[in-house]
């Protein structure tokens, strides 16, 4: 069943990874991905919100009902969290990527550069 979601595209993978440890709103997801990848991946608003819409529709993420204190945050923001399905898909994708990395290492791909 999980195979139907794999492989994830890069934006979906980074969004799920950003939500693996905390609920975040869209802009916070963008910042987290940029920080996590040391600036190598920057999700623009179009890519981010298209991916979020797709991840919501597939059930991999859900919109959180919890909101921070109104004085601490803009109430218009929507917060997202990883669903149980999203966690399973993220785990399966990570395992798939690890397997591919092992194959690349066995072929000494890193030494080709």
Some residue of segment 62-85 being at pLDDT 95 or above and closer than 11 Å to residue 12 by Cα: no
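Is it true that residue 88 is at pLDDT 90 or above, closer than 23 Å to residue 12 by Cα and surrounded by fewer than 12 Cβ atoms within 10 Å (Cβ to Cβ)? Give the steps one after another, and end with the answer.
Details: at pLDDT 90 or above: yes; closer than 23 Å to residue 12 by Cα: yes; surrounded by fewer than 12 Cβ atoms within 10 Å (Cβ to Cβ): no.
Against the criterion (at pLDDT 90 or above, closer than 23 Å to residue 12 by Cα and surrounded by fewer than 12 Cβ atoms within 10 Å (Cβ to Cβ)), residue 88 does not qualify.
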Scan of segment 22-42 for residues that are modelled with pLDDT of 95 or more, assigned to a loop (DSSP other than H, G, I, E, B) and under 22 Å from residue 92 (Cβ atoms), ordered by number: 37, 41
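The values are calculated or read from the model by the stated rules, or taken from the named source; none is laboratory data. Predicted model only: the values in this text are computed from it and were never measured. Because the Cβ atoms are built from the backbone with ideal geometry, glycine has one as well, and the counts that use them run over all protein chains shown.
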